[in-house]
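One structure below.
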Ligand code: PEP
């Protein structure tokens with residue numbers, strides 16, 4: 001049975017003090033969550049602190065990005081070994097903001113995927129179409145290409161370390177959500193593409209999260225869809241009550 005997962009991407013928000021407050025509230029609120037895997041992704045400078053704070057809990061800590069090289073002269077970058085050395089075993093790759101503002105291409109992401117998997121990290125791999133793709137009815141082929149170019153070179157065995165996050169760019173931070181039907185339609189397409197490329201068992205085991213303006217008032221109907229296995233949450237993950245309500249909506 002594939003896992004239900006809710007992950008919070010805190011982006012470039014929350015300093016150390018604010019991170020402490022949010023973590024304390026989440027620890028209290030989510031003490032008894034057992035079936036849903038909960039992941040939070042604070043900024044780099046707070047990863048070690050978050051790991052230490054959460055290590056006795058069921059909440060996992062993820063990084064929002066990492067560099068593809070093992071180490072070296074890459075000023076300002078963070079390596080997989082650095083993440084692992086502070087207890088981080090999960091990394092978000094391919095977020096649309098990384099693609100749009102930092103020029104991350106499918107090829108670059110394929111390299112990051114390889115480095116992460118070599119080090120047995122779990123990857124939350126993000127992808128999704130832009131508004132013009134949906135308007136021109138090319139959203140399925142855009143998503144398929146992103147997956148093929150960035151991810152579908154990996155071995156069947158490596159899928160146990162991959163979580164997919166379908167995030168239509170037009171729905172991220174805009175308040176505009178894909179309807180539950182639109183999310184289900186795309187998730188079913190992704191699973192079918194996986195089954196065709198690998199096999200049905202692999203497709204059935206992979207958790208596919210939906211991301212894009214998920215809030216407490218719409219989470220339940222999105223998560224109720226058969227191929228939606230949880231969510232990647234941006235804005236609403238910055239507030240403990242909202243994030244808890246979303247986790248409880250599964
Ligand atoms: C995201 O950035 O991954 C995201 C889904 O953001 P939001 O929930 O704010 O749309």
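We did not get these values from a lab; they are worked out from the coordinates using the rules stated. Note that the structure is predicted; figures quoted are calculated from it, not measured. Ideal geometry is used to build each Cβ from the backbone, glycine not excepted, and the neighbour counts take in all protein chains shown.
Rank these for me by crowding, 133, 199, 229, going from fewest to most other beta carbons within 10 Å.
Working: 133 18, 199 11, 229 23.
Arranged by neighbour count, lowest to highest, 133, 199, 229 become 199, 133, 229.
For segment 162-250, I need the span (max minus min coordinate) of the C-alpha atoms along each principal axis, in Å, sorted largest to smallest.
39, 24, 20
Evaluate the relative contact order of segment 1-82 (contact order divided by residue number), counting alpha-carbon pairs under 8 angstrom at least 6 apart; express in whole percent.
29 percent
Calculate, in nm to one decimal, what residue 32 and residue 174 gain on full extension: separation in residues at 0.36 nm each, minus their alpha carbon distance. Please list the in-between numbers first.
Numbers: separation 142, 0.36 × 142 = 51.12 nm, distance 3.17 nm.
Extending this stretch completely gives an extra 47.9 nm.
Going by a ≥ b ≥ c, the root eigenvalues of the Cα gyration tensor, does segment 131-197 fall in the rounded group (a/c under 1.5), the prolate group (a/b larger than b/c) or the oblate group?
Taking the square roots of the gyration eigenvalues as a ≥ b ≥ c, segment 131-197 is prolate.
Could you tell me the center-to-center distance, by alpha carbons, between segment 203-250 and segment 6-55 in angstrom?
16 Å
Arrange the following residues from fewest to most other Cβ atoms within 10 Å of their Cβ: 90, 138.
Arranged by neighbour count, lowest to highest, 90, 138 become 138, 90.
Which of 102, 223, 152 comes first, and how do the rest follow, when ranked by fewest Cβ neighbours within 10 Å? List each step's numbers first, then the result.
Details: 102 10, 223 22, 152 15.
Ascending Cβ contact count within 10 Å gives the list 102, 152, 223.
Rounded if a/c is under 1.5, else prolate if a/b is larger than b/c, else oblate: which is segment 98-178, with a ≥ b ≥ c the root eigenvalues of its Cα gyration tensor? All intermediate terms of the calculation are to be shown ahead of the outcome.
Numbers: a/c = 1.99, a/b = 1.87, b/c = 1.07.
Prolate is the answer for segment 98-178, as a/c is 1.5 or above and a/b outweighs b/c.
Evaluate E = 1/(1 + (r/R0)^6) for residue 148 and residue 24, where r is the Cβ-Cβ distance and R0 equals 41 Å; express this FRET efficiency to the nearest 0.05. Each step should come with its number before you reach the end.
On the way: r = 43 Å, r/R0 = 1.04.
Rounded to the nearest 0.05, the efficiency is 0.45.
Looking only at 233, 190, 123, which one moves most when the chain is put into a Gaussian network model with springs between Cα atoms under 10 Å?
It is 190.
If I take every Cα pair under 8 Å that is 6 or more residues apart in segment 25-176, average their sequence separation and divide by the length, what percent do I get for the relative contact order?
Averaging sequence separation for qualifying contacts and normalising by length gives 19 percent for segment 25-176.
If you take the C-alpha gyration tensor of the chain, multiply each eigenvalue by 5 and take the square root, what semi-axes do you get, largest first, in whole Å? Please list the in-between numbers first.
Details: eigenvalues 126, 100, 59 Å².
Those come to 25, 22, 17 Å.
For residue 106 and residue 226, what is the calculated FRET efficiency with R₀ set at 25 Å and r taken between the beta-carbons, to the nearest 0.05?
E(calc), rounded to 0.05, equals 0.35.
What nm distance separates the two modelled labels at residue 55 and residue 114, each placed 7 Å from Cα along Cα→Cβ?
So the two model labels end up 3.3 nm from each other.
Over segment 152-243, what is the mean sequence separation of C-alpha contacts under 8 Å (at least six apart), divided by residue count, expressed as relative contact order in percent? Provide the component values of the computation, followed by the final result.
Working: 127 pairs, mean separation 31.3, N = 92.
With pairs under 8 Å counted, the relative contact order is 34 percent.
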